[in-house]
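What follows is a short report on a single structure.
The values are calculated or read from the model by the stated rules, or taken from the named source; none is laboratory data. Quantities reported herein were computed from a predicted structural model and do not represent experimental measurements. Every residue, glycine as well, gets a Cβ built from its backbone with ideal geometry; the counts of neighbours run over all protein chains shown.
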């Protein structure tokens, strides 16, 4: 009988493993189903033993171990104590004596580990301790292969205990897992570490060459030690959800800190431990197999925290010892690329966990620390340059350099400007190294990229974004030693400007040769980096904050003025020198150093313009142009027209040049706007440069007190004039909208709530700006034969250009200007539904129209009065309706048609979502006319109604559209469940159908949205006693749907909690249905014992839970359900 | 004045010039461009450059508006590209002849019978809807001398 089963399985295994040309599909399926059946066997212990003993087929051996595993999980509670222990003895015996392949061995080890863990829950780990004792004996005394096996057993045990949240599949609720882990942690985990350390102390005594088995054993010991050091010592107070996040982080390789209680001090604080671990690393660092694990242990030891370090004295003693052994290592070796990241991580962890202790260390140690860290930083910086130049994929040094900078940031913050001189030297060394690494020889050591004609994909990751953190850190260093770095920078810049001017002079007389062109590229790269570094030193990033002049720079400027190293006169002269185009400003050496750098930047701008005006624009670098725009934006935000009462002290020179009512400020504003204008004029074909130019423009006009100044200038009028005379369609897409956004944002600054005349000034400005646009729109649409010429390219170009401008206007709306701007746009918006119908075959225009409405809803709607809102709703709905009408029931042969519809519908959903937000976020003070009460949600739902027929399941497969669609549904449902209940039946059906589809067809976030939707609706129905409404009937089937999905593992385990609360809400509504559902589930079980267990599980599920749909019983049910699911999944064989 | 311009454009439409030039950087996604001498709709557009300090180039991916075939091109952003005149017009279907020609009526009542029923699913849909006596609109795509029905739409209750 057994032999027959074995041979049947072996045959099946042979078929499964056979190459595809030898067996048919049917044969393969049949063989697979034999194994599927086999997995369902009850009490398979005897047969599995037989198989393990007698079969030689590895696949069959593996499968039988797998069957053992699931049977043990399922039937553990019913197994006799003696059977369990004999089985465990048998398996242990089996793997120590039999020679099986690794994958079978590992499976059996896992079964063993699971058994040990389950048993430890019943006896508090008594037996586990015994087993560990045996294993330790094995490792110490047995032959080499047994030693390795012993290590493997320990590794598997650790794995079984390490995670709790994801281990529910072994049939225990999470709480029990967690308790088991904590119990293990407190007893045997420490013992394992002690054992490993004891052995490692032996290991370290031997010298190379090492035997293969020696390396293997050391590797295992290090891995186990590493696991203990990276163990997630989670506090039991945290809720499950947080622990789950914690554990997933742990799995993703970012190890948690080594947080230990003082019960560990005996082993961890033993003064021999750190020297031992460093010594081992020193010995194994040349072995790729071992070095990583050993280094990881050191990194973890640098993050020691918790009550183990109970006093300052203990902490300082520990970090002192750590640093001494660490310095000993790094001062004796040259750090290799592969170890650089680990070494830098040690530094980073030390600065995170011991930052407050470092200043308390003896001064000599602190000095060594600064010196060694600086040396490492510079070494990594050099390495990073090489990696970049050689185009290496693994950027070890580069990452290590970044990590060092992070560590430095903590140090600088901790010392908070109370540095000794030694530190200034470190800062200078690092800055010099960084600058050097980014300059071409002879000043620097930047490697010249050999691949000249390399194609560079634009944007996304330009240097500003790629090296953002690095540059910010360098900026911080620079502000520590401004007196050193600023003169270095302006000197470098001025040299390069002269060189550039020489080059341009040559170019005007003759063509460049290849090497000259290459050296020009090098020059641009130098300039690019000097400007980037200067920008980061002079200004700080100000996302979401008021940009300010950094205090260190202000002080430096003040100090220069006080010492008469700079004077207002010479500084101002530098600014005017640009105007007069004089070669060198008078008394340039007395110019403030900040302004001296800015002078160079502005000089570069003029050079660009001059080159463009003599047709040499093609020799300028758009990359440098972009960087200049970026610098000006950053600098103007902080330094131009600063708000003086924000500052404790002011440098008279800086304020005298860029402050309120100064000639200098006027000049700079004019200069910047003129530069914006000239870029738009000269560099129409450089999309990225133009984007950065428009960014500069929009960012400075959106600062109100600057904008007031800017809007009245001649240069602003010139810019507007240039825009109004541009040929439609001559700029890259979206540039026009950027310009218009800037124009209208500038206008809003004219408004002053304390001055009633200001509104009319603002309106006049808008009139000047907007009337020509309005006129163009009228003329375009009003031409007699519009219906015949609308498709001509000239007409279309005009239309696109205008719509772009309108979108810009919508985007630039601010509180004071929104109403005025809306009154300008409203008549245009009301024409758009007709226009969309006319252009329905021209997707570019259709999408611009939809986008325009979306942007109006996003940026204007929240400021609009009810009356104006209603006007917007009407135009928007008419347009959505027109869109739906044009596209309903349409079949097309076009390839990508689905993709195009997807883009359109995305815009419509955006629009509806933005409209809906009016109900949550309304800044209009004028509630005014009460007769108008159209709620935004009605509008949204109405609009949804129109496009519902276009939403197909294929379209929902576009992830972003899918997310958007379900987000909108949940949002409406959250705010207005009653609106959903009252939907027309047809729409309701479609909606619920999409919820049902959402439960199974897409990712977990969509399932979450659908579950939220169901829960919200069911709760609403229950609370409002609407059980007999058609809506309630429509929701009814979901109880069974959800129950089936959870029981058959089709709902992700992370979502079980959400699913349970949805089921609870449905159960409250449909209690009879629930009872029938449970009955039929139980009756459908063929096996009476399973049926009985299922019935019991269902009983426990609802015990002590009131069906009131309130919060407390809901939470109670959720907890019950967690246990229910684990339990039922254990014995119900639905997979 | 408007009339004069009008006639000028009429001739443009009748085949004298099937395309017009446009600076590469001003093209936009979902717009049209000639790639490998075929009228294409731009489905992807990105910029790149030769070397870090080089000038922008535009990388275009387009699909032939008639055949659906994919074409790619890369071109300095300062260059002019040819853009096809593309006209997409809706006609009312009045009849289908035995030899597969469609009788179509434009908005202003002009009749034409020079287009064949399209192949594939759209054609089948067209025929069955016509047989069922439904109101049908046909979208005719015209560019570079080619003309074909690319979409059909039955008028539903929503329209009335």
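Within segment A:352-364, identify whether any single residue is in a loop (DSSP other than H, G, I, E, B) and touching a strand residue (DSSP E or B) at 6+ places or on another chain (Cβ under 6 Å), and answer yes or no. So far as segment A:352-364 goes, no, none of its residues is in a loop (DSSP other than H, G, I, E, B) and touching a strand residue (DSSP E or B) at 6+ places or on another chain (Cβ under 6 Å). Scanning segment A:1018-1046 for residues that are modelled with pLDDT under 85 and either in a helix (DSSP H, G or I) or crowded, with 22+ Cβ neighbours inside 10 Å (or both) turns up A:1030, A:1031. Mind checking whether some residue in segment A:94-117 is buried (at least 17 other Cβ atoms within 10 Å of the Cβ) and either modelled with pLDDT under 85 or touching a strand residue (DSSP E or B) at 6+ places or on another chain (Cβ under 8 Å) (or both)? No. Answer with yes or no whether residue A:689 is away from chain B (no Cβ under 14 Å) and touching a helix residue (DSSP H, G or I) at 6+ places or on another chain (Cβ under 9 Å). No; evaluated as a whole, the condition is false for this residue. Answer yes if at least one residue in segment B:55-66 is surrounded by fewer than 18 Cβ atoms within 10 Å (Cβ to Cβ), within 28 Å of residue B:118 (Cβ to Cβ) and either at the interface with chain A (Cβ under 9 Å from one of its Cβ atoms) or touching a helix residue (DSSP H, G or I) at 6+ places or on another chain (Cβ under 7 Å) (or both), and no otherwise. Yes, because at least one residue in segment B:55-66 is surrounded by fewer than 18 Cβ atoms within 10 Å (Cβ to Cβ), within 28 Å of residue B:118 (Cβ to Cβ) and either at the interface with chain A (Cβ under 9 Å from one of its Cβ atoms) or touching a helix residue (DSSP H, G or I) at 6+ places or on another chain (Cβ under 7 Å) (or both).
Is it the case that some residue within segment A:573-591 is touching a residue at least 40 places away in the same chain (Cβ under 8 Å) and either part of a loop (DSSP other than H, G, I, E, B) or within 20 Å of residue A:691 (Cα to Cα) (or both)? Outline the logic, then answer.
Here is the first cut: in segment A:573-591, the ones touching a residue at least 40 places away in the same chain (Cβ under 8 Å) are A:575-576, A:578-579.
Those left that are additionally either part of a loop (DSSP other than H, G, I, E, B) or within 20 Å of residue A:691 (Cα to Cα) (or both): none.
Looking through segment A:573-591, none of the residues is touching a residue at least 40 places away in the same chain (Cβ under 8 Å) and either part of a loop (DSSP other than H, G, I, E, B) or within 20 Å of residue A:691 (Cα to Cα) (or both).
Residue under question is residue A:71, and the condition is that it be loosely packed, with under 14 Cβ neighbours inside 10 Å and either in a helix (DSSP H, G or I) or without any contact (Cβ under 8 Å) to a residue 24 or more places away in the chain (or both); does it hold? Let's see the steps before the verdict.
Values: loosely packed, with under 14 Cβ neighbours inside 10 Å: no; either in a helix (DSSP H, G or I) or without any contact (Cβ under 8 Å) to a residue 24 or more places away in the chain (or both): yes.
Judged against the criteria, residue A:71 is not a match.
Can you tell me how many residues within segment A:1077-1134 are under 18 Å from residue A:76 (Cβ atoms) and in a loop (DSSP other than H, G, I, E, B)? Matching residues across segment A:1077-1134 total 3. With the condition kept exactly as written, say whether any residue in segment A:553-570 is within 14 Å of another protein chain (Cβ to nearest Cβ), modelled with pLDDT of 90 or more and under 43 Å from the mean Cα position of the chain (by Cα). No, segment A:553-570 contains no residue that is within 14 Å of another protein chain (Cβ to nearest Cβ), modelled with pLDDT of 90 or more and under 43 Å from the mean Cα position of the chain (by Cα). Between A:381, A:426, the distinction of being closer than 30 Å to residue A:517 by Cβ and touching a helix residue (DSSP H, G or I) at 6+ places or on another chain (Cβ under 6 Å) belongs to A:381 only. Checked against (1) in contact (Cβ under 8 Å) with a residue 40 or more places away in the chain; (2) more than 12 Å from chain B (Cβ to nearest Cβ); (3) surrounded by 20 or more Cβ atoms within 10 Å (Cβ to Cβ); (4) within 22 Å of residue A:736 (Cα to Cα), residue A:839 meets all criteria but (2).
Quick grid of which residues meet (1) farther than 23 Å from residue A:426 by Cα; (2) modelled with pLDDT of 95 or more:
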{"position": "A:471", "(1), (2)": "no, yes"}
{"position": "A:477", "(1), (2)": "no, yes"}
{"position": "A:484", "(1), (2)": "no, yes"}
{"position": "A:488", "(1), (2)": "no, yes"}
{"position": "A:493", "(1), (2)": "yes, yes"}
{"position": "A:502", "(1), (2)": "yes, no"}
{"position": "A:527", "(1), (2)": "yes, yes"}
{"position": "A:535", "(1), (2)": "no, yes"}
{"position": "A:545", "(1), (2)": "yes, no"}
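Tell me, please, whether a residue that is surrounded by 15 or more Cβ atoms within 10 Å (Cβ to Cβ) and within 14 Å of chain B (Cβ to nearest Cβ) can be found in segment A:982-989. Scanning segment A:982-989, I find at least one residue that is surrounded by 15 or more Cβ atoms within 10 Å (Cβ to Cβ) and within 14 Å of chain B (Cβ to nearest Cβ), so the answer is yes. Every listed requirement among (1) modelled with pLDDT of 85 or more; (2) within 9 Å of chain A (Cβ to nearest Cβ); (3) on the phi > 0 side of the Ramachandran plot; (4) touching a strand residue (DSSP E or B) at 6+ places or on another chain (Cβ under 7 Å) is met by residue B:51 save one, (1).
Residue check: residue A:172 meets all listed conditions (1) part of a helix (DSSP H, G or I); (2) within 27 Å of residue A:80 (Cα to Cα) but one, namely (1). Name the residues in segment A:779-833 that are assigned to a loop (DSSP other than H, G, I, E, B) and more than 14 Å from chain B (Cβ to nearest Cβ), would you? Across segment A:779-833, the qualifying residues are A:812, A:813, A:814, A:815, A:816, A:817, A:830, A:831.
Scanning segment B:97-119 for residues that are out of contact with any strand residue (DSSP E or B) (no Cβ under 6 Å at 6 or more places or on another chain) and more than 14 Å from every other protein chain (Cβ to nearest Cβ) yields B:97, B:98, B:99, B:114.
Could you tell me which residue of segment A:769-785 is farthest from residue A:725 (Cα to Cα), considering only residues that are out of contact with any helix residue (DSSP H, G or I) (no Cβ under 6 Å at 6 or more places or on another chain) and touching a residue at least 40 places away in the same chain (Cβ under 8 Å)? Ranking the candidates gives A:781 first.
Every condition in (1) modelled with pLDDT of 90 or more; (2) more than 14 Å from chain B (Cβ to nearest Cβ) holds for residue A:709 except the one numbered (1). Of the helices (runs of 4 or more DSSP H) entirely within segment A:460-547, those holding at least 3 residues that are touching a helix residue (DSSP H, G or I) at 6+ places or on another chain (Cβ under 6 Å) and buried (at least 17 other Cβ atoms within 10 Å of the Cβ) occupy A:468-480, A:482-509, A:514-538.
The residue list A:1015, A:1050, A:1008 contains one member that is at negative phi and either free of Cβ contacts under 8 Å to residues at least 24 places away in the same chain or surrounded by fewer than 18 Cβ atoms within 10 Å (Cβ to Cβ) (or both), which is A:1050.
Answer yes or no: is there a residue in segment A:628-636 that is within 14 Å of another protein chain (Cβ to nearest Cβ), modelled with pLDDT of 95 or more and outside any loop (DSSP other than H, G, I, E, B). Looking through segment A:628-636, at least one residue is within 14 Å of another protein chain (Cβ to nearest Cβ), modelled with pLDDT of 95 or more and outside any loop (DSSP other than H, G, I, E, B).
Scanning segment A:931-971 for residues that are outside any helix (DSSP H, G or I) and within 24 Å of the chain's Cα centre (by Cα), we see that the one that is farthest from the other protein chains (Cβ to nearest Cβ) is A:957.
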